[in-house]
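Data block below; observations after.
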Ligand SMILES: Cc1cc2nc3c(=O)[nH]c(=O)nc-3n(C[C@H](O)[C@H](O)[C@H](O)COP(=O)(O)O)c2cc1C
């Protein structure tokens, strides 16, 4: 058990998950304490001397921070100190958004799961791009930015706006927490988008929507479109819709440990269908070095984590990498 798990987590978990999320952001704002902490606790032990890359980007280690934690790209200095092999920031949406009504998060402490119905809140693309640009001068960590939008044109604009300041762009084919139009077709959207980002200079990766990842037919179609369009990598997760009266919306997406089995199944399906033609990032319920080993053995090039950051604290990447 870490200091965080024994002392701080019980205090933090007395707060509502939404409040705890805000507090974590506030604590991670200043860079100096995290630089000091990183220096005294060997946080960078995670920079493994192994050849590890995703979508043509060389990573410091195979364990990254997943999209959603730093949606506004404002914690980059502190997050860079925590031993992650790479960071994925965003989802960055075109305009400022309030998101869904509170409560937006529910913790399931016994199973180490979390239900999320955030609805992609954020300060908008102009704000995020300004943060990325400012950080770019000091950047030493591989950086991916996840971008979203409600049309191929909006996503393409976001792609070109963040591209100069990141190693690769992760395309969100619409967040699962936003109510989808009946005729929404992520494969068609990807096809349209690929045509619009033909002149890209950095690799494009795609976050596979959770309902596509579970379908042999849809995932197969998406992979073929991605390969033909020169997409460099896909992220495959295990998030599942959940009915949760504790959420303001009454329903959301389940993440964390309870999703590990489905995430592994989805990864295996993606590996088989991609047949080595795309890089693959896996996430969903990864908490330990053994979890990472098994995803890499199943064919993932790297993983990223979110729930384990909540349940294990700021040393999670270092601890997993020490185990690797
Ligand atoms: C509170 C919360 C917010 C999230 N927000 C986003 C987001 O904005 N964009 C996105 O692509 N994924 C988002 N995710 C999904 C994570 O990137 C990740 O795929 C998911 O949490 C599974 O990993 P885990 O089991 O390690 O948590 C979010 C997840 C959580 C828990």
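For this structure, a couple of remarks:
- Total residues in the range 188-213, condition modelled with pLDDT under 95 and more than 16 Å from the ligand (Cβ to nearest atom): 1
- Checking each residue in the range 277-289 for being away from the ligand (no atom under 15 Å from the Cβ) and out of contact with any helix residue (DSSP H, G or I) (no Cβ under 7 Å at 6 or more places or on another chain) picks out only 279.
- Yes/no for residue 137 being at pLDDT 95 or above and either surrounded by fewer than 19 Cβ atoms within 10 Å (Cβ to Cβ) or within 20 Å of residue 150 (Cα to Cα) (or both): no
- Per the listing 156, 128, the residue uniquely more than 26 Å from residue 300 (Cβ to Cβ), more than 18 Å from the chain's Cα centre (by Cα) and outside any strand (DSSP E or B) is 156.
- Flag if residue 250 is more than 17 Å from the chain's Cα centre (by Cα) and closer than 19 Å to residue 107 by Cα: yes
- Residues considered: 236, 225. Of these, the only one that is in contact with a strand residue (DSSP E or B) (Cβ under 8 Å, 6 or more places away or on another chain), surrounded by 17 or more Cβ atoms within 10 Å (Cβ to Cβ) and closer than 26 Å to residue 259 by Cβ is 236.
- Count - residues of the range 306-324 that are in a loop (DSSP other than H, G, I, E, B) and either near the ligand (Cβ under 9 Å from one of its atoms) or touching a strand residue (DSSP E or B) at 6+ places or on another chain (Cβ under 6 Å) (or both): 1
- The criterion of at least 3 residues that are at pLDDT below 95, surrounded by 14 or more Cβ atoms within 10 Å (Cβ to Cβ) and within 21 Å of the chain's Cα centre (by Cα) is met, among helices (runs of 4 or more DSSP H) falling completely within the range 1-54, by 17-28.
- Only one entry in 303, 292 is touching a strand residue (DSSP E or B) at 6+ places or on another chain (Cβ under 9 Å), within 12 Å of the ligand (Cβ to nearest atom), in a helix (DSSP H, G or I) and closer than 27 Å to residue 109 by Cα, namely 292.
The values are calculated or read from the model by the stated rules, or taken from the named source; none is laboratory data. Everything numeric here is computed off the predicted structure, so don't read it as measured data. Cβ coordinates were reconstructed from backbone atoms using ideal geometry, including for glycine residues, and neighbour counts include every protein chain displayed.
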